[in-house]
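Enquirer: Please read through the structure below; I'll follow up with questions.
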Amino acid sequence: ETVSGFSSEDIVLTDANGTLGPLTAVGTDRKIWTATFTPTATTEDASNSIGVNMTGVRNAAERAGVGITSSANYSIDTKPPTLAATHPITLRDDKLHLGESTTVTIHFSEDIAPDSFSIADLTVEGGASLSNLRRTDGGTTWEVTLKAPESPSASSSTTGNKISVNLAGITDLAGNAGVGTADSTVRYDIDTVLPSVTITLADSSLTVGETTTVSFSFNEAVNGFDASKIDLSNANGTLGPLIASADGKTWTATFTP
């Protein structure tokens, strides 16, 4: 029926999770009123309602309403997607050599729209490349292949490389867009420098009965170096047991002509 005394002060927003704009009466009978409701930002709540305190509202006979009348329940999702709070980005292998690949797993706080996330939203460092972005569940967990450069670099190996996700281009299933850029806390290293070795003899002019010490000095610590890797086809002599230094970069042996 037509009412009087109805104003914004009679509206109960305790469980509304939002704000209400100015009230406007529809028509001259003042039975229907409208207002614009704006939900609270960064909120995700499936149980919300707007109420009216009827004790402040009167009809033409000056009778006041009774109690609080609430709207039907409605849901709000204004929360932008983010990376998961725990282990947002993980790498199966964080130390890569030339041409080596590994799997990167990206965990979001909620399912995201598949068509809103692509490799273009990811940035990597150290000259690495990305390929084969794919979902592993409904849309919360994604995997992508990270590959180290194929060609050697003249510079030293890169360490502490990060992966960045441009959340601004990503939306959840409700259409909320992410905000800003998130960087991985787990970093990866890429070794693009090939191992090399310098071979030196303590004495380069040998006579009968003499021996000398041969040193194999690598540019970095290496694995897999043993006597089977040494070519003596032009040495005119034999080599004794190899002795390794503690840093894994230098080996010595006695050469007998």
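The values are calculated or read from the model by the stated rules, or taken from the named source; none is laboratory data. Note that the coordinates shown come from a computational prediction; the quantities given were computed from them, not determined experimentally. As a convention, Cβ positions derive from the backbone with ideal geometry for all residues, glycine included, and neighbour counts pool all protein chains shown. When the accessible area is computed, the model is the full protein with side chains, heavy atoms only, and any ligands, DNA or RNA have been set aside. Shrake-Rupley method; radii C 1.70, N 1.55, O 1.52, S 1.80 Å.
Enquirer: With respect to the numbered conditions (1) out of contact with any helix residue (DSSP H, G or I) (no Cβ under 9 Å at 6 or more places or on another chain); (2) open to solvent by less than 60 Å² (accessible area, probe 1.4 Å), which one is the sole condition not fulfilled by V144?
Expert: Single failed check for V144: (1).
Enquirer: Related question: Among the residues of segment 77-101, write down those that are touching a residue at least 60 places away in the same chain (Cβ under 8 Å), more than 14 Å from the chain's Cα centre (by Cα) and not in a loop (DSSP other than H, G, I, E, B).
Expert: D77, K95, L96, H97
Enquirer: Applying the selection to segment 4-16, what residues are open to solvent by 50 Å² or more (accessible area, probe 1.4 Å) and in a loop (DSSP other than H, G, I, E, B)?
Expert: Hits for segment 4-16 are G5, L13, T14, D15.
This table checks each residue for (1) surrounded by 17 or more Cβ atoms within 10 Å (Cβ to Cβ); (2) of a type in the set (A, V, I, L, M, F, W, C); (3) more than 20 Å from S129 (Cβ to Cβ); (4) in contact with a Ser or Thr (Cβ under 8 Å, 6 or more places away or on another chain).
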position: P149; (1), (2), (3), (4): yes, no, no, yes
position: P152; (1), (2), (3), (4): no, no, no, yes
position: T158; (1), (2), (3), (4): yes, no, no, yes
position: N166; (1), (2), (3), (4): no, no, no, yes
position: I170; (1), (2), (3), (4): yes, yes, yes, yes
position: G175; (1), (2), (3), (4): no, no, yes, no
position: T181; (1), (2), (3), (4): no, no, no, yes
position: S184; (1), (2), (3), (4): yes, no, no, yes
position: I190; (1), (2), (3), (4): yes, yes, no, yes
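Enquirer: (1) without any contact (Cβ under 8 Å) to a residue 40 or more places away in the chain; (2) out of contact with any Lys or Arg (no Cβ under 6 Å at 6 or more places or on another chain); (3) part of a strand (DSSP E or B); (4) not hydrophobic (A, V, I, L, M, F, W, C): which one isn't true of G160, the others all being true?
Expert: Only one criterion is unmet by G160, namely (2).
Enquirer: Determine whether T90 is open to solvent by 60 Å² or more (accessible area, probe 1.4 Å), modelled with pLDDT of 95 or more and β-branched (V, I, T).
Expert: no
Enquirer: Restricting to segment 17-39, what's the tally of residues that are part of a loop (DSSP other than H, G, I, E, B) and either farther than 26 Å from L173 by Cα or open to solvent by 60 Å² or more (accessible area, probe 1.4 Å) (or both)?
Expert: Qualifying residue count, segment 17-39: 10.
Enquirer: Where residues in segment 111-127 are under 12 Å from S164 (Cβ atoms) and not in a helix (DSSP H, G or I), which of them is modelled with the lowest pLDDT?
Expert: Among those residues, the one meeting the criterion is E125.
Enquirer: Then there is this: For segment 40-62, what are the residues that are open to solvent by 70 Å² or more (accessible area, probe 1.4 Å) and outside any loop (DSSP other than H, G, I, E, B)?
Expert: E44, A46, S47, T55, R58, listed by residue number.
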